[in-house]
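These notes concern the structure reproduced below.
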Amino acid sequence: MYRVQKVLSLLGVFSRRECEKKIKLGLVKINNEIAKLGSIVSLGDKISYLNSEYIITERLLDIETKILIYHKAINQIVSRNDPQKRSSVFDMLPDVNGKWINIGRLDYKTSGLLLFTNNGDIANRMMHPSSNILRSYEVSIHGTFDRKKMELALRGIDIGNSEIGKLVEVTPDSLVHNKFLIKLKTGKNREVRRIFSKLDCKVISLKRISYGVIHLGKIKTKCYEYIDPKIIEKLI
């Protein structure tokens, strides 16, 4: 027997925390009855959420955790549904038992490393602010990014919406003017672009090249590689 939130997490439907929120809202049912926190499901039971149903079988519970690196291209969205019918990263991923969950996002004009897993708990743990995972980006800008501005970015700067944007490290490129390797430990929406905008600089190109110990390496654009889940366990 399993708690319903664990089953939905194994299936990649939600993280356990998200599942608890859905249960409190009365959106999850077990055998057509509204589930409660801590509700137990057994083999043969049916879990329903909105228009989706899951019959609990041994095969369904025997889900192997899969994790992959995907090299996102510019002008791809990180969403399954888009009214504008733009190219989605999900269209390029292989089939998986459960469903792919993106670990963080990259905006439409940002390229580089994206992580996906079918394990909701792992996704939630890696995205949680407490994970403190270092992300690295290559960024090219227009404008003057002098020592004073660099120190402001490293100290932390108000980027609006009651949020502080902060870089952990900045390394100028030795060959290309106004190109930098930057590192940060947070994943706020469009954080890098908002930091530079506040410093009167415009981001021309932005590419994520690593997420903790995981590096993009030589993976070609719009291609993916599986990685060993043990690497993720060490990371989190």
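The values are calculated or read from the model by the stated rules, or taken from the named source; none is laboratory data. Just so you know, these numbers come straight off a predicted model, no measurement behind them. Neighbour counts run over all protein chains shown; Cβ positions are idealised from the backbone, glycine included. Ligands, DNA and RNA are stripped out before the accessible areas are found, and what is left, the full protein with its side chains, is counted by its heavy atoms. Shrake-Rupley method; radii C 1.70, N 1.55, O 1.52, S 1.80 Å.
Take R193 and tell me if it is in a helix (DSSP H, G or I) and touching a residue at least 24 places away in the same chain (Cβ under 8 Å).
yes
Among the strands (runs of 3 or more DSSP E) contained in the range 1-57, which hold 2 or more residues that are among the hydroxyl-bearing types (S, T, Y)? Show your work before the answer.
On the way: elements: 28-30, 46-49, 52-55.
Correct list: 46-49, 52-55.
Among the residues of the range 177-187, is any open to solvent by less than 50 Å² (accessible area, probe 1.4 Å), farther than 28 Å from K66 by Cβ and part of a strand (DSSP E or B)?
yes
Yes/no per residue for (1) closer than 25 Å to K218 by Cβ; (2) of a type outside the set (F, W, Y); (3) over 19 Å from the mean Cα position of the chain (by Cα):
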{"residue": "P83", "(1), (2), (3)": "no, yes, yes"}
{"residue": "I103", "(1), (2), (3)": "yes, yes, no"}
{"residue": "G120", "(1), (2), (3)": "no, yes, no"}
{"residue": "D146", "(1), (2), (3)": "no, yes, yes"}
{"residue": "K149", "(1), (2), (3)": "no, yes, yes"}
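In the list K149, K99, which residue meets the criterion of being open to solvent by 10 Å² or more (accessible area, probe 1.4 Å), at pLDDT 85 or above and either assigned to a helix (DSSP H, G or I) or charged (D, E, K, R) (or both)? Spell out the reasoning first.
Working: K99 fails: at pLDDT 85 or above.
Matching residue, one of K149, K99: K149.
How do the pairs read when you match residues in the range 34-57 that are free of Cβ contacts under 8 Å to residues at least 40 places away in the same chain with residues anywhere that are open to solvent by less than 50 Å² (accessible area, probe 1.4 Å) and assigned to a loop (DSSP other than H, G, I, E, B), using Cβ under 7 Å and keeping only pairs 6 or more apart or on different chains?
Listed by first residue and then by second, the contacts come to I34/G26; L43/I56; G44/I56; D45/I56.
Is there a residue being open to solvent by 20 Å² or more (accessible area, probe 1.4 Å) and within 24 Å of the chain's Cα centre (by Cα) anywhere in the range 22-44?
Taking every residue of the range 22-44 in turn, at least one turns out to be open to solvent by 20 Å² or more (accessible area, probe 1.4 Å) and within 24 Å of the chain's Cα centre (by Cα).
Take the conditions among the polar types (S, T, N, Q), under 27 Å from the mean Cα position of the chain (by Cα) and assigned to a strand (DSSP E or B) and apply them to S79. Does it pass?
Working: among the polar types (S, T, N, Q): yes; under 27 Å from the mean Cα position of the chain (by Cα): yes; assigned to a strand (DSSP E or B): no.
It is false that S79 is among the polar types (S, T, N, Q), under 27 Å from the mean Cα position of the chain (by Cα) and assigned to a strand (DSSP E or B).
If I filter the range 128-140 down to residues being more than 13 Å from the chain's Cα centre (by Cα) and hydrophobic (A, V, I, L, M, F, W, C), which single residue comes out as surrounded by the fewest Cβ atoms within 10 Å (Cβ to Cβ)?
Applying the first criterion (more than 13 Å from the chain's Cα centre (by Cα)) to the range 128-140 yields 130, 132, 134, 136-140.
Still in the running and hydrophobic (A, V, I, L, M, F, W, C): 134, 139.
On the way: L134: 14, V139: 25.
If we take residues in the range 128-140 being more than 13 Å from the chain's Cα centre (by Cα) and hydrophobic (A, V, I, L, M, F, W, C), then L134 is surrounded by the fewest Cβ atoms within 10 Å (Cβ to Cβ).
Examine the range 109-127 for a residue that is open to solvent by less than 20 Å² (accessible area, probe 1.4 Å), in a loop (DSSP other than H, G, I, E, B), within 19 Å of I182 (Cβ to Cβ) and not hydrophobic (A, V, I, L, M, F, W, C), and state whether such a residue exists. Step through it out loud before you land on a result.
Taking the range 109-127 as the starting set, the residues that turn out to be open to solvent by less than 20 Å² (accessible area, probe 1.4 Å) are 110-118, 120, 122-123, 126.
The next check asks that each one be in a loop (DSSP other than H, G, I, E, B); those that pass are 110, 118.
If we keep only those that are within 19 Å of I182 (Cβ to Cβ) too, we end up with 110.
Pick out the ones that are also not hydrophobic (A, V, I, L, M, F, W, C) and you get 110.
Yes; the residues of the range 109-127 include at least one that is open to solvent by less than 20 Å² (accessible area, probe 1.4 Å), in a loop (DSSP other than H, G, I, E, B), within 19 Å of I182 (Cβ to Cβ) and not hydrophobic (A, V, I, L, M, F, W, C).
Check S130 against each of (1) in contact with a Ser or Thr (Cβ under 6 Å, 6 or more places away or on another chain); (2) assigned to a helix (DSSP H, G or I); (3) of a type in the set (S, T, Y) and name the one condition it does not meet.
Unmet condition: (1).
For the condition outside any strand (DSSP E or B), polar (S, T, N, Q) and open to solvent by less than 60 Å² (accessible area, probe 1.4 Å), what is the one hit in T144, T65?
On the way: T144 fails: open to solvent by less than 60 Å² (accessible area, probe 1.4 Å).
Going through T144, T65 in turn, just one is outside any strand (DSSP E or B), polar (S, T, N, Q) and open to solvent by less than 60 Å² (accessible area, probe 1.4 Å): T65.
From the list S174, S210, which residue is among the polar types (S, T, N, Q), open to solvent by less than 40 Å² (accessible area, probe 1.4 Å) and out of contact with any His (no Cβ under 7 Å at 6 or more places or on another chain)? Spell out the reasoning first.
On the way: S174 fails: open to solvent by less than 40 Å² (accessible area, probe 1.4 Å).
Just one listed residue meets the conditions, S210.
Please identify the pairs in which a residue from the range 12-24 that is farther than 9 Å from N124 by Cα and touching a residue at least 24 places away in the same chain (Cβ under 8 Å) has its Cβ atom under 9 Å from the Cβ atom of a residue that is basic (K, R) and part of a loop (DSSP other than H, G, I, E, B), counting only partners at least 6 apart or on another chain.
G12/K99; V13/K99
Residues of the range 163-206 being of a type in the set (S, T, N, Q) and under 23 Å from N124 (Cβ atoms), which ones?
Of everything in the range 163-206, those that are of a type in the set (S, T, N, Q) and under 23 Å from N124 (Cβ atoms) turn out to be T186, N189.
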